[in-house]
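The values are calculated or read from the model by the stated rules, or taken from the named source; none is laboratory data. Predicted model, so just to flag it, every value in this text is computed and none were measured. Counting neighbours? That spans all protein chains shown, and the Cβs are built from the backbone with ideal geometry, glycine included. Calculation scope for accessible area: heavy atoms of the full protein, side chains included, ligands and nucleic acids excluded. Shrake-Rupley method; radii C 1.70, N 1.55, O 1.52, S 1.80 Å.
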Amino acid sequence: MIKGGCYCGAVRYEAAEPILFRGQCHCRECQYISGGSANVVVGLGADGFSFSKGEPAAYTRPDLPHPVTRKFCATCGTHLLTESPGLTGVKIVKVGTLDNPEIFGQPERVIWTCEKQSFHHIPEGVPAYEKFPPRAGE
Ligand SMILES: [Zn+2]
Ligand SMILES: [Zn+2]
């Protein structure tokens, strides 16, 4: 069982293993959420995911064509996870909210490098993509 929560403890979650993917995103949107660095996330199956304490607030930008929904603690403001219309069945969880962020290890892929800032770092040997990686068969 993977557990985590927000900074103030008002919202807690539990998720079944395994981690489906490990990512690092440099997009401009993520920079707001992360505080300026790249955003590091783990994909966790929505089926095995639940909030064990509290309920997060949610925000979906109204002006984007296929916006994600971002869930965060309404008390302390910690961003917990993202739900993407292109990745149904997956909670995209912020590594910093895991009780043990070390289970992240390293990202398997780095995305949205076209919006990366000069002070961002991409780990050596990890595949990096300007936007999203091509889907199988493309
Ligand atoms: Zn909180
Ligand atoms: Zn991003």
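Could you give log10 I(q)/I(0) at q = 0.14 Å⁻¹ for the chain, computed by the Debye formula over C-alpha point scatterers of equal weight, without solvent?
-0.64
What relative contact order, as a whole-number percentage, does the chain give when Cα pairs under 8 Å and 6 or more residues apart are counted?
Relative contact order, the chain: 27 percent.
Would any residue of segment 50-80 have its amide N under 19 Å from a label point 7 Å out along Cα→Cβ of Ala10? List them or say none.
Those under the cut-off are 51-60, 70-80.
Efficiency by 1/(1 + (r/R0)^6): what FRET value for Cys114 and Thr88, r their Cβ-Cβ distance, R0 = 30 Å, to the nearest 0.05?
Working from the Cβ atoms, E equals 0.75.
Just the accessible area per residue of the chain, please: how many Å² with a 1.4 Å probe?
Roughly 58 Å² per residue, with all protein chains present.
Going from most exposed to least, what order do Lys53, Lys116, Lys94 have by accessible area with a 1.4 Å probe?
Putting Lys53, Lys116, Lys94 in descending order of accessible area: Lys53, Lys116, Lys94.
So which residue, out of Val126, Val42, Val95, gets the largest mean-square fluctuation from a GNM of the chain using Cα contacts under 10 Å as springs?
Largest GNM mean-square fluctuation: Val126.
Of all accessible surface on segment 2-115 at a 1.4 Å probe, what whole percent is carbon and sulfur?
51
For the chain, what is the calculated [θ] at 222 nm in deg cm²/dmol (nearest 500), taking -39500 (n - 2.57) for each run of four or more DSSP H residues and dividing by its residue count?
Taken over the chain, the calculation gives -1500 deg cm²/dmol.
Give a residue-ordered list of calculated ³J(HN,Hα) values for segment 36-53 (Karplus: 6.51 cos²θ - 1.76 cosθ + 1.60, θ = phi - 60°; whole Hz; x for Gly, Pro).
Coupling constants for segment 36-53: x, 7, 5, 9, 10, 9, 10, x, 10, x, 5, 4, x, 9, 8, 8, 8, 8 Hz.
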